[in-house]
Amino acid sequence: MNSIIKSAAKITGELSQLSGKSDAKQDGIQHMKEGLVEVLKKKWKNKIMHGQCIRNMDRQLISEEDKFHWLSKGDLKAETESEIVAAQDQALNTKYYATKVLNTEMDSKCRLCQQFFETIDHIISECPILAKEHCVKWHNKVSAQLHLNMCKEIGVQMDKKHW
């Protein structure tokens, strides 16, 4: 209960700072929401690990609309959403995370290739060991699905045994 009261007091203070910069009554609730979103984004961005997602958006590596579109649908469980957001923020329990954030004394090199730091980005797209096996399988599955979709769109009949 105390943490809720502290959070409410903190947000009230931030909103009062925003209303001092411009006439919040005149601009309405939307202005206050936008200001609060900017304050929260700034705090998120300044976090070492958890700010990676928002910093990547600022460098225009990821479009903001596409980044959070899946969250607006509301068709995922809360646990699933939190895991995806943690992965986007590089905050899953990898060896690099354990070494740099949790300050454990262990080697932060990848368990498989032993060459690079074990980060989420490395596991997903850079590890040479995973790339040889899994990426080829993923590529083949995606290619097959794209082929099937294109065949359906242009009206080509496919046998069930092909899929």
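The values are calculated or read from the model by the stated rules, or taken from the named source; none is laboratory data. All of these numbers come straight from a predicted model, not from anything done at the bench. Glycine also receives a Cβ, built like all others from the backbone with ideal geometry; neighbour counts cover every protein chain displayed.
Structural remarks
- Residues (surrounded by 14 or more Cβ atoms within 10 Å (Cβ to Cβ) and either among the aliphatic types (A, V, I, L, M) or under 12 Å from the mean Cα position of the chain (by Cα) (or both)) located in the stretch 93-111: A98, V101
- Residue in the stretch 63-84 that is aromatic (F, W, Y) and at pLDDT 75 or above present: no
- Among residues of the stretch 150-163, those that are among the charged types (D, E, K, R) and either modelled with pLDDT of 90 or more or not in a helix (DSSP H, G or I) (or both), counted: 1
- Total residues in the stretch 102-149 satisfying the condition of being in a helix (DSSP H, G or I) and among the acidic types (D, E): the figure is 3.
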